[in-house]
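Inspection log for the structure reproduced underneath, given as structure tokens.
The values are calculated or read from the model by the stated rules, or taken from the named source; none is laboratory data. All values derive from a computational prediction rather than experimental measurement. Please note: Cβ atoms are built from the backbone with ideal geometry, for glycine as well, and neighbour counts cover all protein chains shown. Accessible surface is based on the protein model in full, side chains and every heavy atom, while ligands, DNA and RNA are left aside. Shrake-Rupley method; radii C 1.70, N 1.55, O 1.52, S 1.80 Å.
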Amino acid sequence: RFNLSAWTKAAARADGSVPGARLLEDLVALGVLVPAGFDELGDRCWSFAHRTLLEYLAARNLAELSADEWLEQVRGHFWFQPEWTEVLTFLAAIVPDATPLIIALDREEDDIFGSMLELRAQLVGVARRVSTARARRVAMQVFALTLEHHRTEILPARRLERCVRALGYSFLGPLLEIVVKTHSGDLQRRDAVLAFGDLEPTQAVPALGDALADDVSDFVRGAAAEAL
């Protein structure tokens, strides 16, 4: 929410081609902005009709900067700021390469509850481009925590499910490779098959069918039967 003074200051930083007051009126007429009561001083206020509009425009504004500049601006908003999650998501989808953003998130320490991992998964899932190595790294971290969850329930199951849904094929691809490549090792292949059973991605059914007929390992065949 903002008052006319805040709007005027923001308009002054723009190119000045449209007068601030006129632009405000036009955006209200279009339904982008809506009246939002009065502030504590009695000044009239406005707000975006939906915060997604603000988040998208903020991301577009950041994307106009160089990668070093926008990365410097977003670093302080990774933790415990839900209002920035969507800005970062839009940003990852807009910039030509989101790899620097994924790397910066990966360097954040003490991610005990997996919030940074979930954010990385979400950004990898929407990114216009991210390095294959980084996408695979995130996918394998989610896989490892899926297995850890079986033993300790260190992360809420819903968070893991959100990670997998966000990653899409970036998650399925590495696990499918593990399942179909016999040199991955019987126990790792079994664990990957069981992860599919827990997470229920329908795209994995053909690979599970193949694993059901695996001629190398009883472990893999049994896990495939359980997963299916």
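Among what's in the stretch 38-84 and is in a helix (DSSP H, G or I) and charged (D, E, K, R), pick the residue that is nearest to Phe2 (Cα to Cα).
As a first pass, look at the stretch 38-84 and keep what is in a helix (DSSP H, G or I): 51-63, 67-77, 82-84.
Pick out the ones that are also charged (D, E, K, R) and you get 51, 55, 60, 68-69, 72, 75, 83.
On the way: Arg51: 13, Glu55: 15, Arg60: 20, Asp68: 29, Glu69: 26, Glu72: 25, Arg75: 25, Glu83: 16 Å.
Within the stretch 38-84, the match that is nearest to Phe2 (Cα to Cα) is Arg51.
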Could you give every pair whose Cβ atoms fall below 9 Å, whose first residue belongs to the stretch 89-105 and is closer than 14 Å to Val138 by Cβ, and whose second residue is open to solvent by 10 Å² or more (accessible area, probe 1.4 Å) and of a type in the set (Ser, Thr, Tyr), counting only separations of at least 6 or pairs across chains? Thr99/Ser131; Ile102/Ser131; Ile103/Ser131
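To keep it simple, each residue is scored yes or no on (1) open to solvent by 70 Å² or more (accessible area, probe 1.4 Å); (2) at pLDDT 95 or above.
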position	(1), (2)
Ala29	yes, yes
Leu33	no, yes
Asp39	no, no
Leu57	yes, no
Asn61	yes, no
Trp79	no, no
Thr85	no, no
Phe90	no, yes
Ile94	no, yes
When the residues of the stretch 183-218 are filtered to those that are modelled with pLDDT of 85 or more and part of a helix (DSSP H, G or I), which remaining residue is farthest from Cys163 (Cα to Cα)? Asp218
Please state which one of Leu155, Leu160 is at pLDDT below 75 and not in a helix (DSSP H, G or I). Leu155
Kindly indicate whether Trp7 is assigned to a helix (DSSP H, G or I) and farther than 19 Å from Phe90 by Cβ. yes
For the stretch 106-140, which residues satisfy the criterion of being farther than 23 Å from Glu177 by Cα and either surrounded by fewer than 16 Cβ atoms within 10 Å (Cβ to Cβ) or over 11 Å from the mean Cα position of the chain (by Cα) (or both)? Asp106, Arg107, Glu108, Glu109, Asp110, Asp111, Ile112, Phe113, Gly114, Arg128
Considering only the stretch 144-152, I want to know if a residue exists there that is at pLDDT 70 or above and in a helix (DSSP H, G or I). yes
